[in-house]
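A short write-up of the structure that comes next.
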Amino acid sequence: MLKLEPFTQDDFSRLINWIDTKRELIQFAGDLFTYPLSEDQLHAYLSQEKLVAKKIIHIESGEVIGHCELNFLNEHPRLSRILIGNKQNRGLGYGAKIIRLMIDAIQKEIPSKQVELRVFGYNANAIKLYKKEGFVIQEKQTLQFQYTEDESWTNYYMTKQLNN
């Protein structure tokens, strides 16, 4: 079982250690941060009012296994910056549980008829998970993210209708 708790300054070093490359940082956070991730950037991140950072805790072991964000900046709440930090914890079925926990937490903050997210097209496992959880790609709002001068990534916008 998993739970979400507030992400605090005590969690900074763990998150920084999970991000090994610029590519991983951008996949996790888009252009919100610059590589290498630093405590100064995370202090500024925590001061943003409509971004609610959470750590993901495995209840039985007490281990912090990931990070996520409830994003209230847009018309519809957004699931953002989802990361299962330790690679050995990936592929164990935690993703679906995290998505459901995030949606429940959003609904407690602001009841909404829709949630949204963005995901890079090369992240096939995440896209498969989101589709399984009821998210649909909105092609008209798909963008291209310029990673380098020679490389761009498809950035899908996905939505899920909620029953309220």
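Summary of values
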| read-out | value |
| --- | --- |
| Any hit, segment 91-112, residues being part of a strand (DSSP E or B), touching a Leu at 6+ places or on another chain (Cβ under 9 Å) and not small (Gly, Ala, Ser) | no |
| Of all residues making up segment 144-153, the number that are under 19 Å from the mean Cα position of the chain (by Cα) and either assigned to a loop (DSSP other than H, G, I, E, B) or surrounded by 12 or more Cβ atoms within 10 Å (Cβ to Cβ) (or both) | 3 |
| Residue in segment 53-72 that is surrounded by the fewest Cβ atoms within 10 Å (Cβ to Cβ), counting only those that are among the hydrophobic types (A, V, I, L, M, F, W, C) and in contact with a Pro (Cβ under 8 Å, 6 or more places away or on another chain) | Ala53 |
| Output for segment 18-41, where each listed residue is free of Cβ contacts under 8 Å to residues at least 40 places away in the same chain, within 16 Å of Gly85 (Cα to Cα) and in a helix (DSSP H, G or I) | Lys22, Glu24, Leu25 |
| Failed item, numbered, when Asp31 is tested on (1) touching a helix residue (DSSP H, G or I) at 6+ places or on another chain (Cβ under 8 Å); (2) among the charged types (D, E, K, R); (3) more than 24 Å from Met1 (Cα to Cα) | (1) |
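Taken together, the values in this text are just the output of simple stated rules run on the coordinates, not laboratory data. Quantities reported herein were computed from a predicted structural model and do not represent experimental measurements. Every residue, glycine as well, gets a Cβ built from its backbone with ideal geometry; the counts of neighbours run over all protein chains shown.
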